[in-house]
Structures are given as structure tokens and as C-alpha cells.
1. Mean separation of Cα pairs under 8 Å and 6+ residues apart, divided by the residue count of region 75-148: what relative contact order is that in percent?
2. For the chain, take the convex hull of the Cα atoms, compute a quarter of its surface area, and give me that in nm², please.
3. Would you work out the relative contact order for the chain, in percent, from Cα pairs under 8 angstrom that are 6 or more residues apart?
4. Let me have the 222 nm mean residue ellipticity of the chain computed from DSSP H runs of 4+ only, each contributing -39500 (n - 2.57), with the sum over all residues rounded to the nearest 500.
5. So for region 1-63, Kirkwood radius off the Cα pairs, Stokes-Einstein at 25 °C and 0.890 mPa s: how many µm² s⁻¹?
6. Between Met1 and Val78, take the C-beta separation as r, use R0 = 22 Å, and let me know the FRET efficiency to the nearest 0.05.
7. Choose one answer from Gly39, Gly98, Gly49: the residue with the largest mean-square fluctuation in a GNM of the chain with alpha-carbon springs under 10 Å.
8. For Leu87 and Arg146 in the same chain, what is the full-extension length gain: residue separation times 0.36 nm, less their Cα-Cα distance, in nm?
Amino acid sequence: MTTVLAPVPGAAVGLWAVPDPVFSQGLVGPGLAIEPLRGPGQAVAPIAGKIVKLHPHAFVVVGDDGRGVLVHLGIDTVQLKGEGFELLAVEGDLVDAGQPVVAWNPAQVEAGGRCPVCPVVALDAVEEAVTRIAEGPVNAGDELFRWT
């Protein structure tokens with residue numbers, strides 16, 4: 001079993017609440033999303049493992065068991081070309097669960113006309129394998145869901 005932590009503080013919501021069909025319809029996998037607190041903060045690794053993909057707006061951590069978790073910081077934030085994001089790690093780094101990976105400001109994302117909601121996705125998982133733990137308010141590092 002893999003315990004996936006909340007990468008950012010805010011309110012845990014279902015992926016159905018994400019205004020992007022790729023996430024809301026579970027096309028990349030099941031999981032949860034976080035409506036982040038507005039203000040400067042850091043996104044942390046949701047599991048221990050290796051950062052296999054790292055962009056300012058999104059990253060994937062793969063654990064020793066081969067399971068990958070995607071954290072996407074806002075919707076359509078790729079269009080910002082990294083502005084407003086600061087990388088705190090590099091691709092290939094080994095990270096502990098809860099270790100800071102990206103600094104960002106959801107309020108700045110929202111002020112730019114984009115949705116700051118953060119999908120957290122169990123890549124290549126089936127819906128039945130994910131059990132929601134968090135409901136409502138979460139802090140970064142709290143249990144979000146379990147992947148069996």
C-alpha cells in the first residue's frame with residue numbers, strides 16, 4: 001500500500017471538481033485534488049521516491065515500488081512558462097515524503113486568470129485502488145489517499 005500525502009495546504013476535493021476534463025474524468029488516473037490556500041507556499045513530495053519529471057507547474061514522484069504520483073499546481077499553469085514558480089529540487093533527486101519540491105503562490109495563479117486547484121493523481125492506477133482519507137481542510141503532509 002502507498003500512502004499519498006497532501007502536497008499543499010487547503011481543502012481536499014474530488015477530481016470531479018477540477019475544471020479540466022483530463023483530470024475530472026480520471027483520464028490520467030484516480031486521486032483527489034486540493035483547493036489550495038491562497039498565498040505563498042511550497043508544494044511537497046506526496047510520497048518518498050525519485051522525481052522523474054519536474055516542471056515549474058507539475059511534478060511526478062515514483063516510489064521504490066514503481067508507483068508514480070503526479071502533482072499538478074493549478075490548471076493551465078503551463079502557460080505561465082515557470083513565472084511565479086521556484087524549483088526547490090531537480091529532476092532525478094531522491095526525496096522524502098513531505099520534502100519541498102516547488103515554491104509557488106496560488107493567489108498569483110488565480111490573479112492571472114487561472115484556477116489554482118491542485119490535482120494529485122495515482123498514475124496508471126484503477127479507481128478501485130484509491131481510498132480517500134482526507135475530507136475538507138488538509139495541511140501539506142497530511143494523508144490524502146491510500147493506494148492499494
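The values are calculated or read from the model by the stated rules, or taken from the named source; none is laboratory data. These figures come from a predicted structure and were not determined experimentally. Glycine also receives a Cβ, built like all others from the backbone with ideal geometry; neighbour counts cover every protein chain displayed. All accessible areas refer to the heavy atoms of the entire protein, side chains included, with ligands and DNA or RNA removed. Shrake-Rupley method; radii C 1.70, N 1.55, O 1.52, S 1.80 Å.
1. Relative contact order, region 75-148: 26 percent.
2. 7.3 nm²
3. Taking the mean separation of contacting Cα pairs over the length of the chain, I get 37 percent.
4. -1500 deg cm²/dmol
5. Translational D for this selection: 190 µm²/s.
6. Working from the Cβ atoms, E equals 0.10.
7. Gly39
8. That pair, Leu87 and Arg146, stretches by 18.6 nm at full extension.
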